[in-house]
Each structure stands twice: as C-alpha cells, then as structure tokens.
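S.K.: Mind having a look at this structure? Questions to follow.
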Amino acid sequence: MNNLDKLKMNKFIKELDYLESEEEYHTHLFVEINSLFMSEVEEKMIIVDHEMEEKYGDFVEKEKQKQLQKEEPKKQEIPKGLKKTYKKLLSKTHPDRFVDGDDTEREEMEKIYKKVISCAQSGNWVEMIKTADKMGIEIPEVDKEMIKQIQEQIKLKKQKINNYINSFQWSWYHEDSGTKRDNIIDTFIHLQSKK
C-alpha cells in the first residue's frame, strides 16, 4: 500500500472509530430516553382519552420493543481486494489450529476469528483491515470500491446518529421547559394518530 493510500486509510479508520463510539453512546442513551418518552406518551394518552389509549396502546408497546431489539446487520459482499486478507485471517485464527494450544491463546484466537466473520457479515472493512494489521497480515492495496464502501459506512453511521438527534425522543429529553416537553409529546401523538 503506498503512502497516500495509507494516509487515506488512517483517516477513515480514525473517523470510523470516532463514529462507532459516538453511535454506541447515542444508541445506549436513546434506548433509555425512548423508554422514558414512551412511558410519558402512554401516560398522556391514558389521561387524554381511554379510547385513544386502546387505539394506540399497541403502537406504544411496539415502539418500546423496537428500540430494545438489535438491528440485524446486512450481509455485505467482501471487496475483491480484501478477500485474500479475509481468508488469511480465517486461516490464521481458525479454532481448529489451536486445539492443542493453551486456553488463553485458543480463546483469544477464537475471539478474533468470530470478530473477522462478524466484520465480513456487517461490511466493517476498516475493522477487518485493523485486525489484519495486528495479526501481521499484509494489508491489500486500497481500491476505489473499498474506499467507496468505507465512505458509505461513514455516511450510514453519521445518518444513524443524526436520526437519534433529530427524533422527538431526543428533543423531549434535552428540553428543559415542561410546557415544551408536553408540546413535543402532543405533536408526536398527533402525528402517530394520522398514520
């Protein structure tokens, strides 16, 4: 990999590392916020109208459950430039290679093996490249398709974080005024009743 490609890859790795920690923070906080928000929505719906609670009660439960469920990663096709690296990583960390090894080494390699498979399934090419580098496996030349996929990964993480920040739940949580918080819940209930 030439110096310019290494520089690009380092930039992408740092940006994705940052976005992954941001996404983790926002996801964790949003789940907690959503639980509180939906409880308030449910309470307000009961106060406003028992008929409305019956009509939209299922919606409230579905919203709570939706936030608790993990998103299933979409299976991604491994870029041509990484297929060889992927196979080398699997070969080097496969649990069968460490049957006679000590428990610590076997557990560590199994952990890396599972991580590599997860990276391939979710399309986390940057993490796969970082793992290859740690394992002493030559990192392939970065091709345009790989860069495009990494940029798409960055875009998706930013979008997911923005979705949290732009949600009714997030606005409600960060609002100090009780009146404005009530207005946010009223608007949310009104919009849901139109669906």
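The values are calculated or read from the model by the stated rules, or taken from the named source; none is laboratory data. These numbers were taken from a predicted model, which means no experiment stands behind them. Reconstructed Cβ throughout: ideal geometry from the backbone, glycine too, with neighbour counts over all protein chains shown. Just so you know, the surface numbers come from the protein's heavy atoms only, side chains and all, with ligands and any DNA or RNA stripped out. Shrake-Rupley method; radii C 1.70, N 1.55, O 1.52, S 1.80 Å.
S.K.: So, in region 81-111, of the ones that are crowded, with 17+ Cβ neighbours inside 10 Å and of a type in the set (A, V, I, L, M, F, W, C), which residue ends up nearest to the chain's Cα centre (by Cα)?
M.R.: Per the criteria, the residue is LEU82.
S.K.: To continue, here is another question. Restrict the check to region 165-178 and report whether at least one residue is within 30 Å of LEU82 (Cβ to Cβ) and among the hydrophobic types (A, V, I, L, M, F, W, C).
M.R.: No, the conditions are met nowhere in region 165-178.
S.K.: May I pose another question? Under 22 Å from the mean Cα position of the chain (by Cα), hydroxyl-bearing (Ser, Thr, Tyr), in a helix (DSSP H, G or I) and closer than 30 Å to LEU89 by Cα: does that describe SER118?
M.R.: Yes; evaluated as a whole, the condition is true for this residue.
S.K.: Determine if region 105-120 includes at least one residue that is in contact (Cβ under 8 Å) with a residue 40 or more places away in the chain and among the β-branched types (Val, Ile, Thr).
M.R.: For region 105-120, residues in contact (Cβ under 8 Å) with a residue 40 or more places away in the chain and among the β-branched types (Val, Ile, Thr): absent.
S.K.: Here is a follow-up. What pairs come up if the first residue lies in region 10-39 and is under 27 Å from GLN151 (Cα atoms) and in a helix (DSSP H, G or I), the second is open to solvent by less than 60 Å² (accessible area, probe 1.4 Å) and among the hydroxyl-bearing types (Ser, Thr, Tyr), and their beta carbons are under 9 Å apart, counting only those six or more places apart or on different chains?
M.R.: From region 10-39, the pairs are GLU23/TYR164; HIS26/TYR164; THR27/TYR164; LEU29/TYR164; PHE30/TYR164; PHE30/SER167.
S.K.: Name every residue in region 175-195 that is basic (Lys, Arg) and farther than 15 Å from GLU40 by Cβ, in order of residue number.
M.R.: Within region 175-195, LYS194, LYS195 qualify.
S.K.: Whether any residue in region 68-89 is at pLDDT 65 or above and among the hydroxyl-bearing types (Ser, Thr, Tyr) is what I want to check. So that I can check it myself, show each step before the final result.
M.R.: As a first pass, look at region 68-89 and keep what is at pLDDT 65 or above: 76-89.
Next cut, among the hydroxyl-bearing types (Ser, Thr, Tyr) only: 85-86.
So far as region 68-89 goes, yes, one or more of its residues are at pLDDT 65 or above and among the hydroxyl-bearing types (Ser, Thr, Tyr).
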